Amino acid sequence: MKFTWRKARKILSSILTAILFINLVVMAILVISSKASGGEPQIFGYQLKSVLSGSMEPTFLTGSIIAVQPLEGEEKRSLKEGDVITFIDSEERLITHRVIGIKTSGEHVMYETKGDNNNAADIDPVLSDNVQAIYSGFTIPYVGYFIDFAQSKEGSAILLITPGLLLLVYAAFSIYQGLKELDPQKKKTDSDTEEKPA
């Protein structure tokens, strides 16, 4: 029974160490990529954006994160109705809404957009140059609150330092446990040596 418990404890110890280490690496990647891109974190060429309003419900919920693919040059002028795009509005805000109409004037393309949950279309059409990205179809509910927190100074510090500290504390505890197990064996070896006749 003692052997089984020791084996189970060893497996649990390995799993916990792996979880803490993966958590530290993921947090570091999210925080560093967020700072490097000057805003939203990027993974495999996709930007992760936090949804902070309910204008696109039920397509994605408030507090979700969505993956968008950045667009450049001609890609910005070849979008179609039904595409969900991220663009900069007249107030320099990033908005993600659906294309419901397209107007072309020479080389200029303008998109009429609307939030799926809004009653009316957006007031100003979107110039193709102001389109930043297209929605990839990937979303995770509620994680946006976490990403938003991770981008703050306090969040960055907490999310990088906490897993590291937990890993260090757990490593110290594991070393202490290992030394504790070695001590009875050392005492046993010493007593065996003392009992041997000269």
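Just so it is clear, none of the values below were taken in a lab; they were calculated from the coordinates. Keep in mind that what you see is a predicted model, and the values were worked out from it rather than measured. Quick reminder, even Gly has a Cβ in these numbers, built from the backbone with ideal geometry, and neighbours come from all protein chains shown.
Miscellaneous remarks
- Counting beta carbons within 10 Å around each of 97, 108 and listing the fewest first gives the order 108, 97.
- Sites residue 108 and residue 166, calculated FRET efficiency, Cβ-Cβ separation with R0 45 Å, nearest 0.05: 0.25
- Within the shell defined by Cβ-Cβ distances under 15 Å, the residues around residue 124 carry a net charge of -3, with Lys and Arg each +1 and Asp and Glu each -1.
- Length released on extending from residue 119 to residue 154, taking residue separation times 0.36 nm less the Cα-Cα span: 8.8 nm
- Each of 180, 49 has some number of other Cβ atoms within 10 Å of its Cβ, and from fewest to most they run 180, 49.
- Computed lengthening from residue 17 to residue 93, 0.36 nm per intervening residue step minus Cα-Cα distance: 23.2 nm
- Subtracting the Cα-Cα distance of residue 136 and residue 80 from their residue separation scaled by 0.36 nm leaves 18.7 nm.
- Among 64, 53, sorting on how many other beta-carbon atoms sit within 10 Å of each Cβ, with the fewest leading, yields 53, 64.
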